[in-house]
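Everything below concerns the one structure shown next.
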Protein chains: 2
Amino acid sequence: MNLLCDLPSAPAGEVVETLIAAGALRIERIVSRGEASPPGFWYDQDEAEFVAVLSGAARLRFADESGDREMRPGDWVAIPAHKRHRVEWTDPTQPTVWLAVFYRGENT
Amino acid sequence: MNLLCDLPSAPAGEVVETLIAAGALRIERIVSRGEASPPGFWYDQDEAEFVAVLSGAARLRFADESGDREMRPGDWVAIPAHKRHRVEWTDPTQPTVWLAVFYRGENT
């Protein structure tokens, strides 16, 4: 199985596939094609999230930061539970592949 | 922070960095430069593991399979706890970057 192959064909909207679900852990592949969070929308998740961009390009915004974070292939962030964030932009010219790991608990 | 940058310089041997540790979850970046498991060695882990190759090339072997699994960028496998496996080969000509997620519990 390959994270970068068999991408859903455009225009399918953002496509989320669960690769692993085990107890409180969930690993997802997310493929975006220009989607962004709706205006004014903020994720406010009960779970912590590790998320990396594997291909494509995106910009993440955190409510407590003044600017966007550019996300290029290999870039990752750890998002604590309830840290408000949104997807400001994904590249409309190519698929952006995210690998997201959702989990419970704080980093130690 | 980027998974594909700031790779440890050769020849450093296999380098493991823990990116996230939260309760039973551990996310590691592993960089191999031609390393393989010692002859006759098998991993027999208490934890389940999701592992993907992000760059480079490798071959994994599972004790209950007759051949190796080729691992190219984007390829991933889910390895249940105590499923015996070994790294048969990693490309000696370039760094191989693995992203590994170790966790407890069975896939649901």
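Considering only B:53, B:16, B:31, the Gaussian network model of chain B with Cα springs below 10 Å gives its largest mean-square fluctuation to B:16. Charge dipole of region B:25-108 (Cα centre as origin; +1 on each Lys and Arg Cβ, -1 on each Asp and Glu Cβ, all else neutral): 160 debye, rounded to the nearest 20.
With the simple spin-label model, which puts each label point 7 Å out from Cα in the Cβ direction, the residue B:66 to residue B:14 separation comes to 2.7 nm. Which chymotrypsin sites (Phe, Trp or Tyr not before Pro) from region A:1-104 combine a DSSP loop assignment with at most 11 other Cβ atoms within 10 Å? In loop regions of region A:1-104 (DSSP not H, G, I, E or B), the sparsely surrounded chymotrypsin sites (Phe, Trp or Tyr not before Pro) are A:41. Inter-chain neighbour count for A:13-26: the average number of beta-carbon atoms from partner chains within 10 Å of each residue's beta-carbon is 4.
Peptide A:97-107 has a mean of 4 when you count, residue by residue, the C-beta atoms of other protein chains within 10 Å of its C-beta. If only the Cβ of Lys and Arg carry +1 and only the Cβ of Asp and Glu carry -1, the dipole of the protein assembly as shown around its Cα centre is close to 100 debye.
In square nanometres, what is the average projected area of the Cα convex hull of region A:15-69?
4.8
Against the empirical curve 2.2 N^0.38 Å, the C-alpha radius of gyration of region B:41-100 lands at a ratio of 1.07.
DSSP beta bridges fully contained in chain A are about 100 percent antiparallel. Residues of region B:83-108 with backbone nitrogen within less than 20 Å of a virtual label 7 Å along the Cα-to-Cβ line of residue B:59, please, listed as ranges. From region B:83-108, the list is B:84-98. When Rg and the Kirkwood Rh are both derived from Cα coordinates, the Rg/Rh ratio for the protein assembly as shown amounts to 0.97.
Could you pull out which residues in region B:48-72 have an amide N less than 18 Å from a spot 7 Å beyond the Cα of residue B:81, following the Cα-Cβ vector? Only B:48-51 pass the distance filter. Between the alpha-carbon centers of region B:4-50 and region A:54-108, tell me the distance in whole angstrom. For region B:4-50 versus region A:54-108, the Cα centre distance is 24 Å. Projected over all directions and averaged, the alpha-carbon convex hull of region A:67-108 occupies 4.0 nm². The other copies place their residue B:8 label points at 3.9 nm from this one, listed shortest first, where each point is 7 Å from Cα along Cα→Cβ. Shape index of chain B: Rg/Rh, with Rg the Cα radius of gyration and Rh the Kirkwood radius from the inverse mean 1/r over Cα pairs, equals 0.95. Remark: mean inter-chain Cβ contacts per residue of A:70-83 equal 3, using a 10 Å Cβ-Cβ cutoff to other protein chain atoms.
Each reported figure results from applying straightforward, stated rules to the coordinates on display, with no laboratory input. If you're wondering where the values come from, they're calculated on a predicted model, not measured in any experiment. Glycine gets a Cβ as well: all are built from the backbone with ideal geometry, and neighbour counts include every protein chain shown.
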